[in-house]
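Asks: The structure that follows is given in the form of structure tokens.
Any read-out appearing in this document is the output of simple, stated calculations on the displayed coordinates, not a laboratory observation. All figures in this text were calculated on a predicted structure; none of them were measured in a lab. Reconstructed Cβ throughout: ideal geometry from the backbone, glycine too, with neighbour counts over all protein chains shown.
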Amino acid sequence: MDKQRRSVMICQHSACKIEGAAKVFLAFHLANLPPDVVIMSTGCQGQCSSGPTVRILPEETWYCRVKPQDVTLIVEQHLRGGQPVKEKLHPRIHLYG
């Protein structure tokens, strides 16, 4: 059975862009992603005060205030290792980390 493809959804709406979302998108684009992962830019994900936001599907993991330097850890620990990066989890969505 094939593994389900995962999507990394990176907000590119104005509030997230002001906080550096384009650089975060580029960092994911340049990262050594697992073959089952695709990256996508999105419009507003409704978390403007916490941007840039990165949402990983299908597991519905939300990261907030992501910086380009966070991308390697997210890729290695979460996308490759299966463990969310607790310090970057969105606290309003993942209440207990």
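Asks: Taking C-beta distances below 4.7 angstrom as the pairing criterion, name the unpartnered cysteines of the chain, in sequence order.
Replies: Among the cysteines of the chain, those whose Cβ sits 4.7 Å or more from every other are Cys44, Cys48, Cys64.
Asks: Using 0.36 nm times the number of residues separating Leu57 and Gln83, minus their current alpha carbon distance, what extension gain do you get?
Replies: Gain on stretching Leu57 to Gln83: 8.0 nm.
Asks: Give the average over all directions of the projected area of the C-alpha convex hull of the stretch 6-88, one decimal, in nm².
Replies: With the hull built on Cα positions only, its mean projection is 4.6 nm².
Asks: As a check on your grasp of the helix formula, calculate [θ] at 222 nm for the chain: sum -39500 (n - 2.57) over DSSP H runs of n ≥ 4, divide by the residue count, round to the nearest 500.
Replies: Rounded to the nearest 500, it is -4000 deg cm²/dmol.
Asks: Please state the relative contact order of the stretch 37-97 as a whole percent: Cα pairs under 8 Å, 6+ residues apart?
Replies: 26
Asks: Counting only pairs 8 or more residues apart or on different chains, how many lysine pairs in the chain have their Cα atoms under 15 Å apart?
Replies: For the chain, qualifying lysine pairs total 4.
Asks: In addition: Taking amide H positions as placed in the peptide plane 1.01 Å from N, state which residues far from Cys11 in sequence (5 or more) or on other chains have amide H under 5 Å from it.
Replies: Thr42, Thr53, Arg55
Asks: Same structure again: Calculate one ³J(HN,Hα) per residue across the stretch 78-84 by plugging θ = phi - 60° into the Karplus curve 6.51 cos²θ - 1.76 cosθ + 1.60, and present them in order as whole Hz with x for glycine and proline.
Replies: 8, 5, 9, x, x, 10, x
Asks: Could you give me the ³J(HN,Hα) list for the stretch 32-49, computed from phi with Karplus coefficients 6.51, -1.76, 1.60 and θ = phi - 60°, whole Hz, x at Gly and Pro?
Replies: 7, 6, x, x, 8, 10, 10, 10, 9, 8, 10, x, 4, 9, x, 10, 4, 6
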